[in-house]
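Enquirer: Quick one: the structure is below, questions incoming.
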Amino acid sequence: MGQKTLTRADLAEAVYATVGLSRTESADLVERVLEHMSDALVKGESVKLSSFGSFHVRSKKERIGRNPKTGEEVPILPRKVLVFKPSNVLKSKINKSMVGTGK
């Protein structure tokens, strides 16, 4: 389980190394992109990144759930959830990376 998590700082560092902006400008650029994406999702819009995937906000209706400890039925309130659908390009990259690893 030694998996690494990609952080905002990692993204900013990648922009710095690739594009050549200053570290401050790179961090600001990453923040603005993420802010723009989240603002669009809050408005109910979809965000599509070509060759990566799409983010959508979906509404879930109220339903009855069950407390696993007590077995008591409890209502689960209606809510909105964020859904990510990877593109076929991303799916194939992931699957190609697994070839030869035995996973």
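Enquirer: Give just the number: which of (1) surrounded by 10 or more Cβ atoms within 10 Å (Cβ to Cβ); (2) at pLDDT 95 or above does Arg58 not satisfy?
Expert: So Arg58 meets the others, but not (1).
Enquirer: Return the residues of the stretch 72-86 that are touching a Ser or Thr at 6+ places or on another chain (Cβ under 9 Å) and either surrounded by 10 or more Cβ atoms within 10 Å (Cβ to Cβ) or part of a loop (DSSP other than H, G, I, E, B) (or both); say none if nothing qualifies.
Expert: Our first condition is that a residue be touching a Ser or Thr at 6+ places or on another chain (Cβ under 9 Å); within the stretch 72-86, this holds for 78-81, 83-86.
Those that are touching a Ser or Thr at 6+ places or on another chain (Cβ under 9 Å) and either surrounded by 10 or more Cβ atoms within 10 Å (Cβ to Cβ) or part of a loop (DSSP other than H, G, I, E, B) (or both): Pro78, Arg79, Lys80, Val83, Phe84, Lys85, Pro86.
The values are calculated or read from the model by the stated rules, or taken from the named source; none is laboratory data. Since this is a predicted model, take the numbers as computed values, not measurements. Note that we place each Cβ from the backbone using ideal geometry, even for glycine, and neighbour counts take in every protein chain shown.
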